[in-house]
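Heads up, the thing below is written out as structure tokens.
Computed from the coordinates by the stated procedures, all read-outs in this text should not be read as laboratory data. If you're wondering where the values come from, they're calculated on a predicted model, not measured in any experiment. Positions of Cβ are generated from backbone atoms using ideal geometry, with glycine treated the same way; all protein chains shown enter the neighbour counts.
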């Protein structure tokens, strides 16, 4: 199964978004767009009519919002993978079906305190699971190693599923997450706030088990 490091993008306006894409240009194939509404998490990001570079990347939208259905209806056609939080008040089998009806891959995200067993009934309907190793909403939140058990359990159940981990991914943590069974690794502040993204990506990839 292919392993991939995924830069995470937080932006409050188009100018900021454009500047981030200039930094990561040529260094990523999949980019995560962190969408925040200020309610589900206490921060705002990409809750404007944004524009993305076309033909250079695949995009996944990580919806840290109370009503993912509204965002999917407005912007879902701009991305390839849509990740709705299990904890969002409106996330349901209908949300997953809405994503599928757009021809997009559907994923569920779980906050650190959410038990993996709570999404077992959804696994046959989704393509990917995103497990948070931090409390979501900000770059640089502290890494929570106790979440590793969820990754291991899910990998045992779904050997071929894309399992993504988001939060605190850097050289000191990526090996632990890799050994637990993840194959997609979201890195926010470690990459985006760096002056040399290529160098930092190289460091992370060297830590992964071949």
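Computed quantities for the displayed model
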item: Dimensions (Å) - the chain, Cα atoms, principal axes, largest first; result: 42, 39, 31
item: Cα shape, the range 40-83, gyration tensor, a/c 1.5 rule; result: prolate
item: Candidates 103, 38, 55, ranked by Gaussian network fluctuation over the chain, Cα under 10 Å, top entry; result: 55
item: Per-selection metrics, the range 1-90 (Cα): Rg and Dmax in Å; result: 12.9, 37
item: The range 47-105-the range 157-193 distance, computed between alpha-carbon centres (Å); result: 21
item: Dimensions (Å) - the range 37-131, Cα atoms, principal axes, largest first; result: 37, 30, 21
item: DSSP beta bridge pairing in the chain, given as percent antiparallel to the nearest 5; result: 5
item: Residue exposure sequence - 92, 45 - by fewest surrounding Cβ within 10 Å; result: 92, 45
item: Residue 135 paired with residue 121, simple spin-label distance in nm, labels 7 Å along Cα-to-beta-carbon; result: 2.8
item: Relative contact order (%) - criterion: Cα under 8 Å, at least six apart; region: the chain; result: 19
item: Gaussian network model of the chain, springs between alpha carbon atoms under 10 Å - residue of 66, 195, 179 with greatest fluctuation; result: 195
item: Ellipticity estimate at 222 nm from DSSP helix runs (n ≥ 4, -39,500 (n - 2.57)) divided over the chain, nearest 500; result: -8000 deg cm²/dmol
